[in-house]
Amino acid sequence: MKPKEALIAKPQIILSDGDIGSRPAHANLAPVEQKLSTAELVWGIGAVRKTLIILILAVLWQTYAVYLDNPLLFPTLSDTITTLIDRFADGTLPARIGTTLKVLLMGYAAGTLLAALLTVLAINTRIGTDFLETMTAMFNPLPAISLLPLALIWFGLGTPSLVFVLVHSVLWAVALNTHSGFLGVSRTLRMVGANYGLTGFSYVTRILIPAAFPSILTGLKIGWAFAWRTLIAAELVFGVSSGQGGLGWFIFENRNLLDIPAVFAGLLTVIAIGLTVENLVFQTIERRTIRKWGMKE
Amino acid sequence: MSWPAFERHVSQHEAIKMSETAVSGTMRGPGGARSPLLTVDNVTLRYKTPSLLVTATEDVSFNVARSDRFVLLGPSGCGKSTLLKGVGGYMKPAAGSICINGRPVTKPGPDRMMVFQEFDQLMPWKTVLQNVMFPLVVARKLSQKQASDIARAYIDKVKLTRAIDSYPHTLSGGMKQRVAIARGMAMQPDILLMDEPFAALDALTRRQMQDELLQLWDDTKFTVIFVTHSIAEAIKISNRILLLSPHPGRVKAEVVNVDRASMGDGSAADLEREIHNLLFSEQVRSGATS
């Protein structure tokens with residue numbers, strides 16, 4: 001009985017009529033993929049759309065300033081750009097930018113270094129973790145600039161005070177992100193590292209740091225943003241360090257001289273540097289590392 | 001001609017004797033020594049959760065000879081993965097001893113390369129080639145040139161040469177597991193430890209990977225301990241199976257000469273049914289009484 005049944009209903013493979021194998025490859029490619037028009041392609045580029053927005057804003061600025069005709073309140077864009085070029089040519093702005101960036105790099109480097117130390121302490125000992133968590137909870141909500149009056153008393157009028165405030169603005173953001181990045185490294189990857197016999201320093205540098213790099217980079221970005229804003233603000237309060245002020249002081253000074261186009265030129269410079277670092281430096285690092293590695297969408 | 005033998009463990013001594021005779025009857029790798037490569041002796045493993053001390057395995061003994069394809073099989077909760085971690089050196093036994101080549105296992109090391117189930121075991125910041133080279137450079141202290149040559153050879157073995165400079169996130173799950181296997185094998189460890197390496201793959205890829213693993217074994221006759229909860233996979237891959245019972249994990253039986261079971265004459269299906277009955281007999285019985 002059984003074999004008979006099997007004869008009647010036997011599993012069978014019935015090939016489809018339009019057997020794919022018999023058709024030439026890519027014969028049906030045209031309807032599946034079609035090129036977009038040039039206009040669509042250009043509009044698809046983010047930079048093009050954003051440039052357009054900036055151009056429109058520039059035109060609005062110029063039109064309104066010409067209509068207002070009050071350079072003390074709102075100078076025209078052309079005035080601002082002329083002043084910007086003049087100040088660059090006579091060496092004032094480059095010198096101010098130099099001063100600002102030098103202090104910034106000192107503070108940023110010191111803050112990052114301290115953050116690294118604190119994080120190493122935190123991942124190795126429980127009391128270190130508690131210390132980091134407590135300190136971060138306390139100081140993260142405190143704007144770094146509010147420490148400036150105190151810093152002035154402790155370190156005097158000069159670079160050390162600025163560096164102190166900068167360290168405070170960088171340290172907690174970087175340490176917090178690095179630490180949570182280390183904690184987030186997957187158990188599997190840790191086990192792989194242990195499997196290779198990696199311990200101590202080589203384990204941290206070869207497994208933990210690259211694996212936590214997305215968080216570390218976020219921390220560095222936030223730290224940079226805090227530091228940049230804090231420094232410009234601090235320089236507005238006092239800029240005379242070793243006889244030369246920075247960008248913030250440049251803005252403050254020119255306001256006192258009622259040279260408003262120069263104030264705008266200073267602001268534009270601050271924006272330009274901020275944009276360059278955030279979009280050029282950090283995005284390049286991001287593209288070459290975590291995006292290439294698929295660790296960030 | 002020896003058929004798959006299948007016996008309950010009466011005592012630990014009998015178990016060892018049984019598996020040794022089994023090994024002498026089966027295929028052996030070149031230079032296979034008589035003494036077992038790995039001995040696990042009355043091992044009890046415990047781990048802590050925030051509120052509990054869990055006994056994962058209790059009084060488990062087995063040994064693995066060179067070129068064995070040894071499978072730890074059991075339902076979830078039988079401590080098979082924990083046992084593998086013990087052999088890997090990630091856990092210290094609460095009692096008993098684990099020895100490899102006569103040396104006790106105390107910590108993880110490159111003589112026991114692990115292949116995990118998770119796809120994130122590859123380093124996302126390294127290409128396929130760099131991933132395979134990395135342990136050769138850091139653990140075996142080879143030069144870049146030597147490491148690269150060995151790595152390329154093993155990547156070729158797992159048929160990934162065309163993806164050699166790709167980053168892991170661009171690979172499929174099966175390809176990632178192949179990289180992990182190549183990485184483990186390239187180190188030429190004493191034992192390759194595989195913790196459900198194909199569990200996260202789709203069924204078709206899984207079968208393909210099992211075939212490829214067997215082909216690789218035919219090539220190099222490496223020793224492997226393989227953890228799985230699939231009876232069919234265990235029968236397909238292994239020459240010996242250790243059956244574990246759950247809560248806590250104890251040795252229930254050992255199946256030897258599994259490689260003599262064949263798909264063609266139905267002996268594999270018979271063996272599968274027999275193992276299934278044995279693993280679930282207690283549940284059936286307790287279900288009937290309640």
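The values are calculated or read from the model by the stated rules, or taken from the named source; none is laboratory data. Source: prediction; values computed, not measured. Note: ideal-geometry Cβ built from the backbone for every residue, glycine included; neighbour counts use all protein chains shown. Areas reflect the complete protein model, heavy atoms only, side chains present, ligands, DNA and RNA absent. Shrake-Rupley method; radii C 1.70, N 1.55, O 1.52, S 1.80 Å.
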Checklist entry - Cross-link partners among lysines for B:Lys157, C-alpha distance below 30 Å, same-chain residues fewer than 8 apart left out? => result A:Lys292, B:Lys80, B:Lys85, B:Lys107, B:Lys126, B:Lys141, B:Lys145, B:Lys176, B:Lys221, B:Lys236
Checklist entry - Any idea how far apart A:Leu15 and B:Val54 come out in nm if each label point goes 7 Å out from Cα toward Cβ? => result 5.3 nm
Checklist entry - Cα axis of helix B:128-138 to longest principal axis of chain B: angle in degrees, 0 to 90, nearest 10? => result 80 degrees
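Which shape class applies to chain A: rounded if a/c is under 1.5, otherwise prolate when a/b exceeds b/c and oblate if not, where a ≥ b ≥ c are the square roots of the Cα gyration tensor eigenvalues?
Because a/c hits 1.5 or more and a/b fails to exceed b/c, chain A counts as oblate.
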Next on the checklist: Considering only C-alpha atoms, what is the centroid distance from the stretch B:162-196 to the stretch B:221-252, in Å?
Outcome noted: 21 Å
Checklist entry - What angle do you read, to the nearest 10 degrees and between 0 and 90, between the alpha-carbon axis of helix B:173-186 and the longest principal axis of chain B? => result 90 degrees
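Express the carbon and sulfur contribution to the solvent-accessible surface of the protein assembly as shown as a percent, rounded to the nearest whole number, probe 1.4 angstrom.
The C+S portion of the solvent-accessible surface of the protein assembly as shown is 62 percent.
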Next on the checklist: Checking an interface number: how much accessible area is buried between A and B, summed over both chains, with a 1.4 Å probe, in Å² rounded to 100?
Outcome noted: 1900 Å²
Checklist entry - What distance in nm separates the simple spin-label points at A:Thr205 and B:Phe280, each placed 7 Å from Cα in the Cβ direction? => result 5.5 nm
Next on the checklist: I want to check the label-to-label distance for A:Leu142 and A:Leu105. Put each point 7 Å from Cα in the C-beta direction and report it in nm to one decimal.
Outcome noted: 3.0 nm
Next on the checklist: Loop only by DSSP, 15 or fewer other Cβ within 10 Å of the Cβ. Give me the chymotrypsin sites (Phe, Trp or Tyr not before Pro) in the stretch B:64-135 that pass, ordered by residue number.
Outcome noted: none
Checklist entry - Can you list the residues of the stretch B:123-140 whose accessible area drops by at least 40 Å² going from the chain on its own to the full set of protein chains, with a 1.4 Å probe? => result B:Met123, B:Pro124, B:Trp125, B:Phe134, B:Val138
Checklist outcome for this item: For the protein assembly as shown (alpha-carbon point model, no solvent) the Debye-based log₁₀ I(q)/I(0) at q = 0.07, 0.08 Å⁻¹ works out to -0.65, -0.78
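Please state, as a whole number in µm²/s, the translational diffusion coefficient that the Stokes-Einstein equation yields for chain B at 10 °C and 1.306 mPa s, with Rh defined as the Kirkwood radius across alpha carbon pairs. Intermediate values should be presented prior to the final figure.
Numbers: Rh = 19.7 Å.
This corresponds to a translational diffusion coefficient of 81 µm²/s.
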Checklist entry - How far is helix A:247-256 tilted off the main Cα axis of chain A, in degrees rounded to 10, range 0 to 90? => result 40 degrees
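Would you mind getting the accessible area per residue of the stretch A:138-233, heavy atoms of the protein chains only, 1.4 Å probe, in Å²?
Values: 3930 Å² over 96 residues.
Heavy-atom accessible area per residue stands at 41 Å².
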Checklist entry - If the cut-off is 28 Å between C-alpha atoms, which lysines fall inside it for A:Lys102, apart from same-chain ones fewer than 8 positions away? => result A:Lys221
Checklist entry - For chain A, modelled as a GNM with alpha-carbon contacts under 10 angstrom, which of A:Ala173, A:Ala95, A:Ala47 fluctuates the most? => result A:Ala47
